[in-house]
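One structure is given below, encoded as structure tokens.
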Amino acid sequence: MALLAEYNISATPGRCIVEVYDADAFLGDEAALDAAEVQVVAGNGYHLYLLSLQTDIDVQLTIRIWDTPPSPPADAEGHVAIDLESETGTLVIGQLDRGPADEITLPRPGVYQGHAWWENRQATADYYWSTLNSPADDAFEDHLTQAWKNCPVIERYVLDLAYSHASEPVGDEDP
């Protein structure tokens, strides 16, 4: 298996969510969002939701394109199979209530399949909530800003994907 491309993006999980979607397919999907509550990462084919357990500490998102994706690491906190279609070849990484964090250009448009895995999700949440529950002093806001920047672990999500096939043409179909 050969690594063809790798993208690293830092994003703040607005309302606990980081999104990955095709540039022309920004359609929210309530069912996929509900599925992320259970699976951590879920989508509808065009739109993935990654569910963090906190809202303010940046997470690291790595998107790797392989000729054949490797298995998730044995020590990952969790993993799930995913499909992601990008008709434009451009993926947007969104911060639900903060706007886009970045855009990436895939090697080619089409359907990608593989899996998502994550690490330090719970450890980051534990740090987040313990920090919120122990205010330092009157400069609590400044304390929080520094605490978020100095989190001792990095919450990380990895999408290991391989190109599967071209997108099906969408056109006007007459009966």
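The values are calculated or read from the model by the stated rules, or taken from the named source; none is laboratory data. If you're wondering where the values come from, they're calculated on a predicted model, not measured in any experiment. For neighbour counting, all protein chains shown are included, and Cβ atoms are generated from backbone atoms with ideal geometry for every residue, glycine included. Accessible surface areas use protein heavy atoms only, side chains included; no ligands, DNA or RNA. Shrake-Rupley method; radii C 1.70, N 1.55, O 1.52, S 1.80 Å.
Details
- Restricting the trypsin sites (Lys or Arg not before Pro) of segment 41-137 to loop positions (DSSP other than H, G, I, E, B) with no more than 16 neighbouring Cβ atoms within 10 Å leaves 98.
- Folded to 0 to 90 degrees: helix 121-132 orientation relative to the chain principal axis, Cα: 30
- As a fraction of the 1.4 Å probe accessible area of the chain, surface on carbon and sulfur atoms comes out at 48 percent.
- The accessible-area ordering, largest first, of the residues 47, 115, 165 stands as 165, 115, 47, per a 1.4 angstrom probe.
- One quarter of the surface of the convex hull around the alpha-carbon atoms of segment 62-109 equals 4.6 nm², the direction-averaged projected area.
- Rolling a 1.4 Å probe over the protein chains gives residue 119 an accessible area of about 50 Å².
- Charge tally in the Cβ shell below 10 Å around residue 47, where Lys, Arg are +1 and Asp, Glu are -1, residue 47 excluded: -4
- Gap separating the Cα centres of segment 1-61 and segment 99-115, nearest whole Å: 11
- Size estimate for segment 41-148 follows the Kirkwood approach: the inverse of mean 1/r over distinct Cα pairs works out to 16.1 Å.
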